[in-house]
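Peer 1: Quick one: structure below, then a few questions.
The values are calculated or read from the model by the stated rules, or taken from the named source; none is laboratory data. What you see is a predicted model, and the numbers here were worked out from it, not measured in a lab. We place every Cβ from the backbone using ideal geometry, glycine too, and count neighbours over all the protein chains shown. To get the accessible areas, we keep the full protein, side chains included, count just its heavy atoms, and leave off ligands, DNA and RNA. Shrake-Rupley method; radii C 1.70, N 1.55, O 1.52, S 1.80 Å.
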Amino acid sequence: MESKAEIRRLLNVIPASSRMTVKIVSKPKQPRVIDATFPLPWTRERVISINFNFWSSLPEPQRDLLILQKVNWLTQVKWFQPQIYQGVAIAGLVAGVMESAQGDVLGVGVATGLSAMALLRIWRGNKSSELELNADLAAIAIAQRRGYSESEAAEHLLSAIEAIAGIQKNGSLDFNELIRCQNLRAISNLSPVGIPKSI
């Protein structure tokens, strides 16, 4: 597989709104088939790296769904949105600066500790299985606009997740992947059992 041609094809698969921020690069030595750098608040570019030696062993529909899922996961990571933890983090930082100006060491410690806890909560929220499930659903919705049916798209994504576990030689799925697979089985009508509303 010629990596530059495949990158061009993948850029045509992803939504036009994501093409400005998503960068797909070839990393032949990485152990994972597809990986993405977790986007930090100050980075605009979202980098997805692919090992094309492994990638070429997957059928095209699986590759399409994997790239759509990864792009949707990256675009769903939100650091700055009006929620309680963002407010607490900002309030803690402002209080820390004010306490620092007054020379109150205890106040600075409490304020920065409060900010750190809020930022940790934001970080965990951005790494949650709910975010992965939402990215799966968004990828399936976009795939439907690309000619796949909902059940076909879910089945291709499911088989891609399982295939990657075999290619990467870890052989087993982690907790988030197991939840995603069960949800995809339900969507593709391979299982009557879905996932609970709250995980």
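Peer 1: Do you know which residues across the stretch 135-179 are in a helix (DSSP H, G or I) and either β-branched (Val, Ile, Thr) or at pLDDT below 90 (or both)?
Peer 2: Residues satisfying the conditions are 140, 142, 161, 164, 165, 166, 167, 175, 176, 177, 178, 179.
Peer 1: If you don't mind, there's one more thing I want to ask. Residue by residue through the stretch 157-175, note down the ones that are touching a residue at least 24 places away in the same chain (Cβ under 8 Å) and open to solvent by 50 Å² or more (accessible area, probe 1.4 Å).
Peer 2: The answer is 175, and nothing else.
Peer 1: Please list, ordered by first then second residue, the pairs with beta carbon atoms under 7 Å, 6 or more apart or interchain, first in the stretch 141-153 and closer than 9 Å to residue 61 by Cα, second open to solvent by 50 Å² or more (accessible area, probe 1.4 Å).
Peer 2: 153/144
Peer 1: Output the helices (runs of 4 or more DSSP H) that fall wholly within the stretch 1-80 and possess 2 or more residues being loosely packed, with under 12 Cβ neighbours inside 10 Å, or say none.
Peer 2: On the way: elements: 3-13, 52-55, 60-76.
Helices (runs of 4 or more DSSP H) meeting the threshold: 3-13.
Peer 1: Still on this model: Just give me the residues in the stretch 181-192 being open to solvent by less than 20 Å² (accessible area, probe 1.4 Å) and part of a helix (DSSP H, G or I), in sequence order.
Peer 2: Our first condition is that a residue be open to solvent by less than 20 Å² (accessible area, probe 1.4 Å); within the stretch 181-192, this holds for 181, 184, 188.
181, 184 - these are the residues of the stretch 181-192 that are open to solvent by less than 20 Å² (accessible area, probe 1.4 Å) and part of a helix (DSSP H, G or I).
Peer 1: Return the residues of the stretch 118-129 that are surrounded by 14 or more Cβ atoms within 10 Å (Cβ to Cβ) and at pLDDT 65 or above; say none if nothing qualifies.
Peer 2: Listed by number, the residues that qualify are 118, 119, 121, 129.
Peer 1: Here's another thing I want to ask about it. Report, ordered by the first and then the second residue, all pairs with beta carbons closer than 9 Å, sequence separation of six or more or different chains, a first member in the stretch 13-30 that is without any contact (Cβ under 8 Å) to a residue 12 or more places away in the chain, and a second member that is open to solvent by 20 Å² or more (accessible area, probe 1.4 Å) and hydrophobic (A, V, I, L, M, F, W, C).
Peer 2: 19/11
Peer 1: Here's something else I'd like to know. Has the stretch 139-156 got any residue that is more than 19 Å from residue 15 (Cβ to Cβ) and under 20 Å from the mean Cα position of the chain (by Cα)?
Peer 2: Yes, the stretch 139-156 contains at least one residue that is more than 19 Å from residue 15 (Cβ to Cβ) and under 20 Å from the mean Cα position of the chain (by Cα).
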